[in-house]
Amino acid sequence: MKIETLAAGCRPGWTLPGPFFSDETVYQHDLERIWRRGWLFAGHTCEIPRAGDYFLFEMDRDSVIVIRDDEGHVRAFHNVCRHRGSLLCTEPAGRATRLVCPYHQWTYRPNGDLIACRGMQEDLDKSLFSLHPVAVEEVAGLIYLSFAEQPGSFAGAREVFEPLARPQGFDRARVAKVADYLVKANWKLVWENNRECYHCNVNHPQYIKANFDHYNSDDTSPRLRELMATATARLETKWAEVGVATHKETGMTLFPDAERNIWFSANRTSLVEGYVSETMDGKQVAPLMGDYRDADVGTLRMRSLPNFWNHASCDHAVSTRLLPAGPRQTAIRVWWLVDENALEGRDYDLAGLMPFWQLTSEQDWEICERQQRGVESSAYQPGPYSTYKEYNVDSFVRWYLKIVTG
Amino acid sequence: MKIETLAAGCRPGWTLPGPFFSDETVYQHDLERIWRRGWLFAGHTCEIPRAGDYFLFEMDRDSVIVIRDDEGHVRAFHNVCRHRGSLLCTEPAGRATRLVCPYHQWTYRPNGDLIACRGMQEDLDKSLFSLHPVAVEEVAGLIYLSFAEQPGSFAGAREVFEPLARPQGFDRARVAKVADYLVKANWKLVWENNRECYHCNVNHPQYIKANFDHYNSDDTSPRLRELMATATARLETKWAEVGVATHKETGMTLFPDAERNIWFSANRTSLVEGYVSETMDGKQVAPLMGDYRDADVGTLRMRSLPNFWNHASCDHAVSTRLLPAGPRQTAIRVWWLVDENALEGRDYDLAGLMPFWQLTSEQDWEICERQQRGVESSAYQPGPYSTYKEYNVDSFVRWYLKIVTG
Amino acid sequence: MKIETLAAGCRPGWTLPGPFFSDETVYQHDLERIWRRGWLFAGHTCEIPRAGDYFLFEMDRDSVIVIRDDEGHVRAFHNVCRHRGSLLCTEPAGRATRLVCPYHQWTYRPNGDLIACRGMQEDLDKSLFSLHPVAVEEVAGLIYLSFAEQPGSFAGAREVFEPLARPQGFDRARVAKVADYLVKANWKLVWENNRECYHCNVNHPQYIKANFDHYNSDDTSPRLRELMATATARLETKWAEVGVATHKETGMTLFPDAERNIWFSANRTSLVEGYVSETMDGKQVAPLMGDYRDADVGTLRMRSLPNFWNHASCDHAVSTRLLPAGPRQTAIRVWWLVDENALEGRDYDLAGLMPFWQLTSEQDWEICERQQRGVESSAYQPGPYSTYKEYNVDSFVRWYLKIVTG
């Protein structure tokens, strides 16, 4: 069925029909319109500090080398030799001052230039055989790629992320841990799960102790309103000098904005009294990151469609990256970041650092897998969103439909 | 290729052409015309004795909750929340006085009614969001489902099964063991194997010691005819008072009947002298079941298309359920049932109870897998059925073609 | 996309476009035009020395019994019973004086004749139910099959292989070892890898010590030319009496010949001074094979499209057979053969016999898998072949395109 026909059958304020979550044609359409056109979070600049450091970014049938060139810039190239198409790099990450094809040793600089191809005819014009580039943007230590030949503007995202993310020091961070998941759910279900906290009460016992946003206008008591006002006021006073806006209401900040095509957003919000970090007991578990001189910074939240969110506390940050792996599967990577000078064993340990977001993430993956199985049922029909609690899911669906039918 | 074209190329009395056993289009057609329209055996009432007891029935992309409601009736519902489509139950069986969605806690009664959906707008009309029902019929302790919106009549099956199955006491049974198999063969090959005993002599050394039906008109000796007549006469005398008809000839009872669309059948027949139960040595291995007061009851056989057969002796019964799992695979469950008061270790043990039908079943699965591989060959052509020994396979094929082209 | 359209877009002297290596339609076309029409190497006559000895040959969805009949001829039949299509043989190799179907015991002679079908109607004409034959050719101990109803002529291959292969004694050999590989690469990439030694320097440290053919016209030094001339002259003198032509130049012998449709080729060439066998140190590791009375026989090389090559030294021979296993996979079997009288432990051991070609083969499989991943990339574009070093790859591509568009 054509996506336009499917989209025309969608009822505003209700969930998407089943084919959106399992149909191969819809999936290919999602790849083309969203994943191959948008800006995708790839990783952190701190993962490739030196010239020649690289990591691979793999999506669908593509492998991309994200590498720091001799001039210190982050570059990205398709991991495909221009001779006979072999992969150049096979390790997921490493260092290479020259990219040498393992097949016939065609050799490229980290800027993509072909500089040697022993055995070829003498008149071969090397300048025609540079590696195929992939567009790159870097903001506050985060690396974004786009497969589009003419990518959309990144300026809006830069403007929002730069001031809020800069103090966190992503560019001066260390990766403490990476966890990879293959979640048996369509990528859109993972986002729908991310866009509401209606499910938090029962499913996320850790998360709800630290945060206010699982309360919505229908269940925010006067006492709760007071607690949040106090926490927010304290945070705003401290941060007034750097002019950082905070999210002051219960409920999640509004995102995305389908009408204005806002695919990125960031905000700082207060944690519950007694929590200075998103950890099991709310205590700090690692040295302060970046520019922070005080643990009381609330929590920084960033997200960008279609594949990134980050939750950052004073002492650590957790990045989540989604990649589509078929209509029914999403490959998810979660990074735990600490300050670059923090040493495991001395300054932090994984047992303290990881549980909060490991548990919360894995709780969500399980939810998404149960929903995937249900929406594939012959009996599944769209259901209504709660206007109190699922407004952002509705926004996500409207954003999605606008992009894929646009 | 269209099923009508394929069916038109079938030669009466010969096996089906290859595409019927591996083609995706044929498989989808089988699902639609047979598996989503007919009555499917799901399980036994004794598996869910109390209100709230349930088990899941999973076919194709559907999961169904089979549950006993507060009034004691067996009900069946699609295991899909009406809110965002999550599975409600994830355990294969359990007990739930309320069905609570693990995602946002929408809550249903065991009769399917939505009774709570905290967080939704106040004007949501709960009566519009009951669970989607699946048709259920219950006969003598056997539970049947139909995915059809307007299922065909179950009356004929009830009439045949009720009097013959009632004395076996399926409703007062205990599941001693369940074995699950994923057999790499199209479901029709499993039925074709079931519908003849031409293969029994060499493949089923256990089965042929206990039974007469692997003999056919071409190889029934006068001595054998006499043995069977004696066994049958004894059985009929004992059972005359309850008016139970027996199958008196060698060879399998005729089933199915394509012309009259008879998809169910049951009969009682005598075992070989010295056998009172289908066990390795013919001896009783568990207490008498149901209404039986005498071990000499022969064997009760029931079968219904497209997915059930049962072989019952005085002391135990063995149910077999088929479910399609792709064009080349069939998911098969086998249950061993004993009287509800029988205790393992005291009254029976699995080592005595299981081998006869475990061996016979697994011998058949292996046969079917070999045939599947052969009928997928580019060289496979339909071959002729034996009129002496494969009349019921021919009947099955005619029944099948009539349904799928009807 | 149609193969003709794809083929029309190919640029001479450049690699094939991506769909040739992953598209299902292209794969089916390859099966039909190449694998089901050509002559396929199946195995060696020495694997089935006695009447009734057989092995199975499995390609795509077909299983073929290759069996020696009562008259001593090698025959091949589809492994499919003419009754209901069951596989007859399930073991990969064995001995059977009669082929008895395990389902209902229909029984065939090793020449394919149906001789018993107990239980069928009396008027069944057995002569109409012989096993479906597959065409067979035998040359110098090598067995070839063709699925074609009217296979092309085998005469040219026989003429080339017979005189060169006869002295090796394949018909008097023993299989010392068989290794099976499932390589994640399209079969054409495996051939392209086989058709050049441009990749040898870095990838095959063992191979290049023994051989001259990784040198090409662009890198053959005067000193190297002299070494090769000496080695060749010595070999030709010794072999003058039997009139065996040798390949006298560096670089690989030209093969295949797209214009004349030459799909087979064989030649003898000299090894580097100090090597009498393709082993790790160049020393003989097993008794002389066949008619050889002197270890100094250089190396015999044979290859036939689409699925065979062999490298033979004085003391052992290594056969490689490809079979397609999907657009992205090739099933590869490698045989190590020694003289039939050689005894493991006494006359040879696997630790000495296997490494040279095991290492070289596995190095190539890894190369092919890396290339497969690259040519599936959205960024992959055809690249240019080296006219110095990849002339045979170009020949292979031209042969392939001629066949599939022919």
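The values are calculated or read from the model by the stated rules, or taken from the named source; none is laboratory data. These figures come from a predicted structure and were not determined experimentally. No Cβ is skipped: glycine too gets one built from the backbone with ideal geometry, and neighbour counts run over all protein chains shown. We work out accessible area using only protein heavy atoms, side chains counted, and drop any ligands, DNA or RNA first. Shrake-Rupley method; radii C 1.70, N 1.55, O 1.52, S 1.80 Å.
The set of residues from the range B:99-116 being open to solvent by less than 20 Å² (accessible area, probe 1.4 Å), farther than 19 Å from A:His204 by Cα and assigned to a loop (DSSP other than H, G, I, E, B) comprises B:Pro110, B:Gly112.
Results for (1) more than 14 Å from every other protein chain (Cβ to nearest Cβ); (2) among the polar types (S, T, N, Q); (3) in contact (Cβ under 8 Å) with a residue 12 or more places away in the chain, shown as yes or no for each residue.
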position	(1), (2), (3)
B:Gly326	yes, no, yes
B:Leu353	yes, no, yes
B:Ala379	no, no, no
B:Tyr391	no, no, yes
B:Val397	no, no, yes
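Just for the range C:80-98: of the residues that are at the interface with chain B (Cβ under 7 Å from one of its Cβ atoms) and charged (D, E, K, R), which one is least open to solvent (accessible area, probe 1.4 Å)? Across the range C:80-98, the extreme among qualifying residues is C:Arg84.
This table checks each residue for (1) assigned to a strand (DSSP E or B); (2) away from every other protein chain (no Cβ under 14 Å).
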| site | (1), (2) |
| --- | --- |
| A:Glu162 | no, yes |
| A:Pro167 | no, yes |
| A:Val178 | yes, yes |
| A:Trp191 | no, no |
| A:Val202 | no, no |
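Can you work out which of the residues in the range B:205-218 that are in contact (Cβ under 8 Å) with a residue 24 or more places away in the chain and either more than 29 Å from the chain's Cα centre (by Cα) or part of a helix (DSSP H, G or I) (or both) is nearest to the other protein chains (Cβ to nearest Cβ)? For the range B:205-218, the residue satisfying everything is B:Asp218. On inspection, C:Gly290 passes the criterion of being closer than 30 Å to C:Phe154 by Cα, in a loop (DSSP other than H, G, I, E, B) and open to solvent by 10 Å² or more (accessible area, probe 1.4 Å). Taking first residues from the range C:62-79 that are of a type in the set (Phe, Trp, Tyr) and partners that are in a strand (DSSP E or B) and open to solvent by less than 10 Å² (accessible area, probe 1.4 Å), the Cβ contacts under 9 Å between residues at least 6 apart in sequence or on separate chains come to C:Phe77/C:Val64; C:Phe77/C:Ile65; C:Phe77/C:Val66; C:Phe77/C:Ile67; C:Phe77/C:Leu99; C:Phe77/C:Tyr108.
Taking the stated definitions as given, is B:Arg346 more than 16 Å from B:Val175 (Cβ to Cβ), charged (D, E, K, R) and open to solvent by 40 Å² or more (accessible area, probe 1.4 Å)? So B:Arg346 passes the test. Considering each residue of the range B:23-32 in turn, at least one proves to be open to solvent by less than 60 Å² (accessible area, probe 1.4 Å), more than 19 Å from A:Tyr380 (Cα to Cα), in contact (Cβ under 8 Å) with a residue 12 or more places away in the chain and touching a helix residue (DSSP H, G or I) at 6+ places or on another chain (Cβ under 6 Å). Among the conditions (1) over 20 Å from A:Trp35 (Cα atoms); (2) open to solvent by less than 10 Å² (accessible area, probe 1.4 Å), the only one that A:Asp281 does not satisfy is (2). Candidates are the residues of the range C:138-173 that are in contact with a Lys or Arg (Cβ under 7 Å, 6 or more places away or on another chain) and open to solvent by 10 Å² or more (accessible area, probe 1.4 Å); the one that is farthest from C:Phe57 (Cα to Cα) is C:Leu164. If you scan the range C:244-278, which residues turn out to be small (Gly, Ala, Ser) and open to solvent by less than 10 Å² (accessible area, probe 1.4 Å)? Result: C:Gly251, C:Ala258, C:Ser270, C:Ser277. For C:Arg174, the requirement of being assigned to a helix (DSSP H, G or I) and more than 10 Å from chain B (Cβ to nearest Cβ) is not met. When A:Asp296, A:Asp257 are checked against the criterion of being among the acidic types (Asp, Glu) and under 20 Å from the mean Cα position of the chain (by Cα), A:Asp257 stands alone in meeting it.
Conditions (1) within 14 Å of another protein chain (Cβ to nearest Cβ); (2) in a loop (DSSP other than H, G, I, E, B); (3) crowded, with 19+ Cβ neighbours inside 10 Å, marked per residue:
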residue	(1), (2), (3)
A:Ala331	no, no, no
A:Trp335	no, no, yes
A:Trp357	no, no, yes
A:Arg370	yes, no, yes
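Exactly one residue among B:Glu236, B:Glu226 is away from chain C (no Cβ under 14 Å), closer than 13 Å to B:Gly298 by Cβ, open to solvent by 40 Å² or more (accessible area, probe 1.4 Å) and more than 26 Å from the chain's Cα centre (by Cα), and that residue is B:Glu236.
For the range A:125-137, a residue qualifies if it is open to solvent by 30 Å² or more (accessible area, probe 1.4 Å) and in a loop (DSSP other than H, G, I, E, B), and the qualifying residues are A:Asp125, A:Ser130, A:His132.
Quick check, is C:Leu254 outside any helix (DSSP H, G or I), over 21 Å from A:Pro102 (Cα atoms) and in contact (Cβ under 8 Å) with a residue 24 or more places away in the chain? Yes, satisfied. Checked against (1) open to solvent by less than 60 Å² (accessible area, probe 1.4 Å); (2) closer than 19 Å to B:Met354 by Cα, B:Lys188 passes all but a single condition, namely (2). Of all residues in the range C:44-74, those being assigned to a strand (DSSP E or B), farther than 28 Å from B:Gln372 by Cβ and either open to solvent by 30 Å² or more (accessible area, probe 1.4 Å) or touching a Phe, Trp or Tyr at 6+ places or on another chain (Cβ under 9 Å) (or both) number 2.
Would you confirm whether or not the range C:5-18 contains a residue that is in contact (Cβ under 8 Å) with a residue 12 or more places away in the chain, over 26 Å from C:Thr387 (Cα atoms), in contact with a helix residue (DSSP H, G or I) (Cβ under 8 Å, 6 or more places away or on another chain) and surrounded by fewer than 19 Cβ atoms within 10 Å (Cβ to Cβ)? Checking the range C:5-18: not a single residue is in contact (Cβ under 8 Å) with a residue 12 or more places away in the chain, over 26 Å from C:Thr387 (Cα atoms), in contact with a helix residue (DSSP H, G or I) (Cβ under 8 Å, 6 or more places away or on another chain) and surrounded by fewer than 19 Cβ atoms within 10 Å (Cβ to Cβ). So for the range A:24-38 (the condition being aromatic (Phe, Trp, Tyr) and more than 19 Å from A:Leu305 (Cβ to Cβ)), does at least one residue qualify? Checked the range A:24-38: no residue is aromatic (Phe, Trp, Tyr) and more than 19 Å from A:Leu305 (Cβ to Cβ). When you look at B:Leu128, is it touching a strand residue (DSSP E or B) at 6+ places or on another chain (Cβ under 7 Å) and within 14 Å of chain A (Cβ to nearest Cβ), yes or no? So B:Leu128 fails the test. Set side by side, the residues B:Phe41, B:Phe77 differ, and just one is part of a strand (DSSP E or B), within 14 Å of chain A (Cβ to nearest Cβ) and either at positive phi or open to solvent by less than 20 Å² (accessible area, probe 1.4 Å) (or both), which is B:Phe77.
Just to be sure before I move on: is B:Glu196 in a helix (DSSP H, G or I), within 14 Å of chain C (Cβ to nearest Cβ), under 23 Å from B:Gln363 (Cα atoms) and among the charged types (D, E, K, R) in the structure I sent? So B:Glu196 does not fit the description; no.
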